[in-house]
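The structure appears below as structure tokens.
The values are calculated or read from the model by the stated rules, or taken from the named source; none is laboratory data. Note that the coordinates shown come from a computational prediction; the quantities given were computed from them, not determined experimentally. No Cβ is skipped: glycine too gets one built from the backbone with ideal geometry, and neighbour counts run over all protein chains shown.
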Amino acid sequence: MDAGGEEERLGALFLRLAKSAHVLQRRGAGDLGLTPAQARALFVLGRCETPPRMAELAERLHVVPRAVTPIVDALEEAGLLRREVDPGNRRSTLLELTPEGRKMCKRLTELRARAAGELFAPLTAEQRRTLLELLEKVDQTSVGWYGAAN
């Protein structure tokens with residue numbers, strides 16, 4: 001088979017598997033009472049070392065800042081995060097997870113792990129390690145295309 005055909009198959013397969021993973025995660029997020037956008041925002045917030053500003057969250061999610069407002073509103077209403085005035089710039093708002101939000105982040109992480117376990121169940125432990133190494137290698141070179149992984 002020619003290299004172009006192989007690359008086409010690889011691309012199509014990767015997209016199909018990404019969709020499968022997304023469906024598994026979306027189903028689990030729905031079971032937790034979250035939309036996919038809310039789950040993704042919480043997952044990103046849970047990985048931040050310090051509470052980010054709204055604009056920083058938008059950047060990490062690769063969306064325009066105004067798209068973050070309804071997500072943050074819903075997460076705040078659910079008691080999963082709170083807005084705090086940035087002491088360094090009183091015009092800015094920081095987003096801080098509540099204790100309940102941190103618990104939800106842990107549940108989301110477990111959900112992602114279960115979804116990956118389902119998706120990659122046909123592979124042996126050694127095959128999973130090899131696939132992980134290969135995907136990490138590809139990810140290292142693709143970060144500049146889309147930004148930091150989340």
**Message:** Pairs needed: first member in the stretch 88-103, among the acidic types (Asp, Glu); second member anywhere, crowded, with 18+ Cβ neighbours inside 10 Å; C-beta distance under 7 Å; at least 6 residues apart or different chains.
**Reply:** Glu96/Pro51; Glu96/Leu81; Glu100/Leu80
**Request:** Go over the candidates Thr124, Thr98 one by one and state the one that is farther than 20 Å from Val23 by Cα, at pLDDT 95 or above and surrounded by 12 or more Cβ atoms within 10 Å (Cβ to Cβ).
**Result:** Thr98
